[in-house]
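Worksheet: one structure, shown below.
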Amino acid sequence: MNSQWQNADDDLAAVARLREAYQQITRELAKVIVGQNSVIEELLIALFARGHCLLVGVPGLAKTLMIRSLADAVALRFNRIQFTPDLMPSDITGTEVIQEDKVSGQREFRFLQGPVFANIVLADEINRTPPKTQAALLEAMQEQQVTVGGRRHPLPDPFFVLATQNPIEQEGTYPLPEAQLDRFMFHVRVDYPSEADELEIIRRTTADLETRITPTLNAEQIVKLSQIIRRVPIAEHIARFALALARASRPGQPAAPGYINDYVAWGAGPRAGQYLVLGAKVRAVLHGRDFVSHDDIRGVASPVLRHRVKTNFRADADGITADELVRRLLEDIRESAA
């Protein structure tokens with residue numbers, strides 16, 4: 001019994017440390033990034049939940065800078081991969097080369113690691129490379145390993161893929177397959193800054209200023225904190241609320257509202273419910289609570305569901321987006337009935 005109480009005390013202390021680390025990380029990022037508070041929060045939720053993120057926004061919104069600054073703030077090894085039409089899978093995962101042993105003179109195959117061997121991998125403009133190369137990330141994202149020449153090579157722990165995508169220019173791009181989209185915990189929308197934030201951006205970037213980000217957490221601490229996050233309790237009715245949201249997004253199901261049947265080709269799978277609960281646990285801790293509320297589920301619903309709700313042609317013709325459908329679901333599904 002004493003051991004159980006000690007573990008509980010340790011977990012509460014770790015939760016408090018995570019809250020403090022979140023506040024410190026946001027202060028460090030504010031040295032470089034102006035505004036975008038909700039985007040930063042969603043990135044950090046995914047980070048502590050050990051999930052991958054897809055950031056979608058027009059060029060010039062500091063998506064790449066945001067990810068690089070986050071890697072600096074948490075003292076993780078960072079690699080950037082610029083996706084292009086001629087990028088090959090081996091350019092990402094690595095390749096085997098023949099090397100000669102200078103002592104024995106024998107030749108042997110040696111694996112040279114690719115840029116995917118890092119804690120944070122920025123897949124810049126991921127939709128600009130063909131599906132064959134996009135698929136090279138699938139095993140890495142799901143299994144945290146790559147297989148080359150029949151041999152498995154584990155990736156560093158923790159491992160995060162943060163991908164960017166330009167929603168405007170679609171010529172010469174390759175939409176991500178649904179199987180890969182589902183591997184991303186969050187689909188994060190990066191919008192234009194406010195007028196005040198944009199003015200501050202202009203002031204900072206046109207002055208002779210040099211900012212330095214101080215690391216807050218290391219890889220070992222992030223792994224430990226993410227394990228404690230999973231021990232945060234969630235009430236049965238809260239978990240059922242997350243389940244109800246995911247199931248209501250599927251057309252043809254008894255729980256699906258009429259507009260889902262009208263506008264959705266297919267809805268969210270079971271992974272959506274998992275990420276709703278896990279993201280809500282992290283959000284609760286970052287907001288200073290050791291329990292999950294309905295608001296936490298609502299707070300992560302859009303980034304979890306918007307890329308898992310596939311609209312049909314009728315929705316496109318009527319101007320109905322996945323975000324609009326998620327908003328309607330959040331309004332219609334009553335917490336008491338979930």
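Coordinate-derived values only; no laboratory data. Source: prediction; values computed, not measured. Virtual Cβ from ideal backbone geometry, glycine too; neighbours counted across all protein chains shown.
Excluding same-chain neighbours fewer than eight residues apart, the aspartates and glutamates reachable from Lys63 by a Cα-Cα span under 12 Å are Asp124, Glu125, Asp191. Each residue in Tyr174, Tyr192, Tyr263 was given a count of other beta-carbon atoms within 10 angstrom of its own, and listing them fewest first yields Tyr192, Tyr174, Tyr263.
Lys/Arg Cβ at +1, Asp/Glu Cβ at -1, dipole of region 29-217 taken about the Cα centre: which of Pro167, Leu112, Pro131 is farthest positive-ward? Result: Leu112.
Each part gets one Cα centre, and for region 204-238 versus region 243-307 those centres are 23 Å apart. Within region 42-58, find all residues whose amide N lies under 17 Å from a label point positioned 7 Å from the Cα of Ala219 along Cα-to-beta-carbon. Residues 47-48, 50-51 fall inside that zone.
For the peptides 270-283, 56-69, 319-332, 153-166, residues were scored by their other Cβ atoms within 10 Å and the scores averaged per peptide; the highest-first order is 270-283, 153-166, 56-69, 319-332.
Before rounding to the nearest 500, sum -39500 (n - 2.57) across all DSSP H runs of length at least 4 in the chain and divide by the residue total; then give [θ] at 222 nm in deg cm²/dmol. Roughly -14000 deg cm²/dmol at 222 nm, from the helical runs in the chain. Taking label points 7 Å from Cα along the Cα-to-Cβ direction, Glu178 and Asp323 give a separation of 2.3 nm. With neighbours defined as other Cβ atoms within 10 Å of a residue's Cβ, the residues Phe109, Phe117, Phe186, Phe313 order from fewest to most as Phe313, Phe109, Phe117, Phe186.
Please state the relative contact order of region 63-192 as a whole percent: Cα pairs under 8 Å, 6+ residues apart? Please list the in-between numbers first.
Values: 194 pairs, mean separation 33.9, N = 130.
Relative CO of region 63-192 lands at 26 percent.
Charge dipole (Cα centre; +1 on Lys/Arg Cβ, -1 on Asp/Glu Cβ; no other charges) of the chain amounts to roughly 700 debye. Would you kindly give the portion of the calculated P(r) for region 56-133 that falls above 15 Å, as a percent of all Cα pairs? For region 56-133, the share of Cα pairs beyond 15 Å comes to 66 percent.
Divide the volume of the convex hull of the Cα atoms of region 232-338 by its number of residues and quote the answer in cubic angstrom per residue.
So the per-residue hull volume is 86 Å³.
Using a simple spin-label model with pseudo-atoms 7 Å out from Cα toward Cβ, Asp290 and Arg151 lie 4.7 nm apart. Checking the a/c ratio against 1.5 first, then a/b against b/c, what shape does the Cα gyration tensor give for the chain? Judged from the Cα gyration tensor, the chain comes out rounded (a/c under 1.5).
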